[in-house]
Amino acid sequence: MKTSKFFLIILFVLFAAISRAQDVKLTETNIDEIIKLLTLEEKAHLVVGTSLKGNDAARAEVGYTKKIVPGCAGTTYPIPRLGIPTIVMADGPAGLRISPKRENDSNTYYCTGFPVGSLLASTWNEELIEKVGKAMGEEVLEYGVDVLLAPGVNLHRNPLCGRNFEYYSEDPLLAGQSAAAFIRGIQSNGVGTSLKHFAANNQEINRLGNDSRIRDHALRELYLRNFEIAVKQSQPWTIMSSYNYINGRYASEDKILLEDILRNEWGFQGMVVSDWGGGLNAPLQIQAGNDMLQSGTYNQYISILEAVKSGKLKEQDLDKAVKRVLELIVKTPRFKGYKYSNKPDLKAHGVVSAEAAREGMVLLKNDSETLPLTEENTFAVFGTTSYDMIAGGLGSGDVHKEHVSTLPEALKNHKQNVYLPLEMLYAEHLKQEKKRIDKMYGKRSWQFYQHRPEEIKNIGEVAQRAAQNCSVALVTIGRHSSEGFDRHVERDFNIRVGEYNMLRDVYKAFHEKGKKVIVLLNVCGPVEMLSWRKYADAILLCWMPGGNGTEAITDLLLGLHSPSGRLSMTFPRRYADVPSKNFPVNVPETGSNQSFESYNTKEKYYDIPNIDYTNYEEDLMVGYRYYSSVNVKPAYPFGYGLSYTSFLINPPKIKYKDGIVKIECTIKNVGKYPSKEVVQIYSERCDSEGEYPLRELRSYKKTPLLQPMEQCVLKFEIADTEMSHFSEQRMAWVLSQGVHHLYLGTSSEELNYRMEFVVNKEKVSPALVSMKPKEGPVFLR
């Protein structure tokens, strides 16, 4: 009898436990309890995305991503019995990337095409960048997406990197603070971001197999510093690990990078997700702190299960990743039951996009006050790009926009006259060019180089007729770029023969009539300008300005707003001046995605320099750090930009106390037009340890809009430790004792005032780990 009663009690306890487990659902406070209730199989599923390539049965179990939000990048695995939903991730960073149309649905799902990252950084206006993020995040929320896979914050190490348009700057401070502002804006909507690509992902060719070989101090001061700033100032919900190796270790499999530095040194609180398909060893990725593998394969799921069962992967390491995944999920709108509308305010967001585009465009040249155009004009609009504007780059950073206006459309919307015969000539030319390109290349996917229409040949006679009938010429030069390949010197950086001839002939025809020529650069990044800028009276750098870009261009041309953008990167005079000589230049295209140029999942190759591996021999001398240090004159320096007005900066005041440098200056608009100015502060090295750059950006501020004769006071606070350098000998950040010099001005080459402060005692902040290779020197060849 006693045995029977004991047996019944055991059954009752088990039944109660099972019932209780079935009743338990995920909340923000019971994550540890939920982990204990998960099976090993469920844990493995949670850390692998739901693409599950290679197993149709498993994929069918969770459903295709497109059934949730068509066109998004990836989803997570749901476990309904424990109240764990799927969450949705979608590409950015110039706007939400989802499918604009859906099967059996008459509604449309277009998104706002915002300006690219390089333009946003050129605003030097964190408040505006945050405003852009807030608008973009509202679309993320209302279209049912939980995490936007943006922003990209990698440095512009070389102007030919195919993905530079997504990234902000060649400087880690400007890049990091721009990214932080963007993240704060997005996440203010209760949706997440994914700061990417962590780290040192600075070329597209063989990005899945390239080994970035970088000294510790360059990693710390440049290629990690941008991420560190963004993490500490904004705490993104997720960080995306990069495809490449760093000093012989795969980024997504590197515990030093993902745990020791990211989490233990910087205090990152979120989840790390792999880039889509990144990494070779799923258990090692989980062990290293790469918590989620996207887009997910069945083999990854199986390998994690087998590694735990065999003891190669500790279940506690898997549990740590699962916990971070669940901590992400409970933050999301989908977990909280948000009823998204599929009706974001695209009109209002278009206004924000145009505002950002205006403020990030850079006036490079303005001879004899050619701009603004204050009278009624008849425009002769030249250049195929004028009629086929490049709103953004290609690849995962592309956005499905409902419409991108041409330049003539925008001019007409502002009640300006456009020379019709020229407009008709270009319409017919573009029609024929489209046929030629379609016939040659067919429908090529975004990973391949997309040829654009060539310029009309022998434009001289046409230009002469236009000069007789028009008051001003507009000429647009276009350059696009994409994920999956890098730019070429001759094809992309240098001016092309047809473009040069067009600029020369238009300039000659219009100047013979005493009329002006304005050149618009609708480009992804720096281009050679030394050979042709003499053929322009004014040059406006428009970047890839988003879907409302031509509206912004027209506003600036007509003086409705004054340009206030400043360069977020250096424009070199010629490619030979670029300091990062080790780069895959002019690699021939073979018809395949160049991300896999020399990639092999079974073996890491070290045969081809700059493809299999890249030695960062320029070290710290990237961008303006190089040009100012060796006195190589660029075409236009970092931080440069003109305005329609003039500003007077009064001598600054400096105070140094308790480790904080405080600087105050008064700036006054002494010209005729309302505008904004950017004041920049640079430091100069005061020690001689190693080959350090002459100057580095330490702080910046943009004024509010100042009316003529209006002034404002700008106040800066800089921690003295921001002037530290990373000592490889001591494996520490070191602020040297002695006199430190600061310079205040309006570009890296236009520095009006020199200041100084004295550090009485050296300050040392040790790092936890080194990123050096485990064996052998960094530079093997």
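The residues of segment 622-662 that are among the hydrophobic types (A, V, I, L, M, F, W, C) and either over 31 Å from the mean Cα position of the chain (by Cα) or closer than 20 Å to Glu749 by Cα (or both), listed by number, are Val622, Val630, Val632, Ala635, Phe638, Leu642, Phe647, Leu648, Ile649, Ile654. Of all residues in segment 218-251, those satisfying the criterion of being in a strand (DSSP E or B) and closer than 17 Å to Tyr613 by Cα are Tyr245, Ile246, Arg249, Tyr250. Among the residues of segment 268-290, those that are over 13 Å from Val325 (Cβ atoms) and open to solvent by less than 20 Å² (accessible area, probe 1.4 Å) comprise Phe268, Asp275, Gly278, Gly279, Ala282, Gln285, Ala288.
Take the conditions crowded, with 16+ Cβ neighbours inside 10 Å, more than 21 Å from Glu499 (Cβ to Cβ) and either more than 27 Å from the chain's Cα centre (by Cα) or modelled with pLDDT of 95 or more (or both) and apply them to Ser471. Does it pass? Taking the combined requirement at face value, the residue satisfies it. Looking for something open to solvent by less than 10 Å² (accessible area, probe 1.4 Å), under 30 Å from Ile329 (Cβ atoms) and modelled with pLDDT of 95 or more - is there at least one such residue anywhere in segment 206-215? For segment 206-215, residues open to solvent by less than 10 Å² (accessible area, probe 1.4 Å), under 30 Å from Ile329 (Cβ atoms) and modelled with pLDDT of 95 or more: absent. The set of residues in segment 512-531 that are buried (at least 20 other Cβ atoms within 10 Å of the Cβ), more than 20 Å from Glu355 (Cα to Cα) and among the hydrophobic types (A, V, I, L, M, F, W, C) comprises Val517, Ile518, Val519, Val527, Met529.
Evaluating Pro408 against the criteria (1) crowded, with 20+ Cβ neighbours inside 10 Å; (2) within 25 Å of Ser482 (Cα to Cα) leaves one unmet condition, (2).
Name the single residue, out of those in segment 588-634 being among the hydrophobic types (A, V, I, L, M, F, W, C) and part of a loop (DSSP other than H, G, I, E, B), that is most open to solvent (accessible area, probe 1.4 Å). Looking at residues that are among the hydrophobic types (A, V, I, L, M, F, W, C) and part of a loop (DSSP other than H, G, I, E, B), I get Ile608.
Within segment 726-733, is there a residue that is hydrophobic (A, V, I, L, M, F, W, C) and more than 25 Å from Leu219 (Cα to Cα)? Taking every residue of segment 726-733 in turn, none turns out to be hydrophobic (A, V, I, L, M, F, W, C) and more than 25 Å from Leu219 (Cα to Cα). For segment 691-716, enumerate the residues that are assigned to a strand (DSSP E or B) and either more than 16 Å from Leu174 (Cα to Cα) or hydrophobic (A, V, I, L, M, F, W, C) (or both). Across segment 691-716, the qualifying residues are Leu697, Leu706, Gln711, Cys712, Val713, Leu714, Lys715, Phe716.
Considering only segment 731-759, how many residues are assigned to a strand (DSSP E or B) and open to solvent by 30 Å² or more (accessible area, probe 1.4 Å)?
Residues of segment 731-759 assigned to a strand (DSSP E or B): 732-735, 738-745, 751-759.
Okay, now just the ones that are also open to solvent by 30 Å² or more (accessible area, probe 1.4 Å), so 733, 739, 741, 743, 751-754, 756, 758.
Residues in segment 731-759 being assigned to a strand (DSSP E or B) and open to solvent by 30 Å² or more (accessible area, probe 1.4 Å): 10 in total.
Sort through Leu280, Leu284, Leu262 and tell me the only one that's closer than 22 Å to Ser51 by Cα and touching a residue at least 60 places away in the same chain (Cβ under 8 Å). Talk me through it step by step, then tell me what you get.
Numbers: Leu284 fails: touching a residue at least 60 places away in the same chain (Cβ under 8 Å); Leu262 fails: closer than 22 Å to Ser51 by Cα.
Criteria check complete, one pass: Leu280.
Looking across segment 122-164, the residues that are surrounded by fewer than 24 Cβ atoms within 10 Å (Cβ to Cβ) and touching a Gly at 6+ places or on another chain (Cβ under 6 Å) come down to Glu130, Lys134. Residues that are among the hydrophobic types (A, V, I, L, M, F, W, C), at negative phi and open to solvent by 30 Å² or more (accessible area, probe 1.4 Å) within segment 696-730 comprise Leu705, Val713, Ala719, listed in sequence order.
Considering (1) open to solvent by 40 Å² or more (accessible area, probe 1.4 Å); (2) closer than 29 Å to Lys365 by Cβ; (3) touching a residue at least 40 places away in the same chain (Cβ under 8 Å); (4) under 32 Å from the mean Cα position of the chain (by Cα), the lone condition that Val678 does not fulfil carries the number (1). Of the helices (runs of 4 or more DSSP H) that lie entirely inside segment 291-388, those containing 2 or more residues that are among the aliphatic types (A, V, I, L, M) and surrounded by fewer than 20 Cβ atoms within 10 Å (Cβ to Cβ) span 298-310, 346-360. Filtering segment 95-117 to residues that are touching a Pro at 6+ places or on another chain (Cβ under 7 Å) and assigned to a loop (DSSP other than H, G, I, E, B) leaves Ile98, Ser99, Tyr109, Tyr110, Pro115.
The values are calculated or read from the model by the stated rules, or taken from the named source; none is laboratory data. Not measured: the values here are computed from a predicted model. Heads up, the Cβs are rebuilt from the backbone with ideal geometry, glycines too, and the neighbour counts pull from every protein chain shown. Quick note on the areas: whole protein, heavy atoms, side chains included, nothing else; ligands and nucleic acids left out. Shrake-Rupley method; radii C 1.70, N 1.55, O 1.52, S 1.80 Å.
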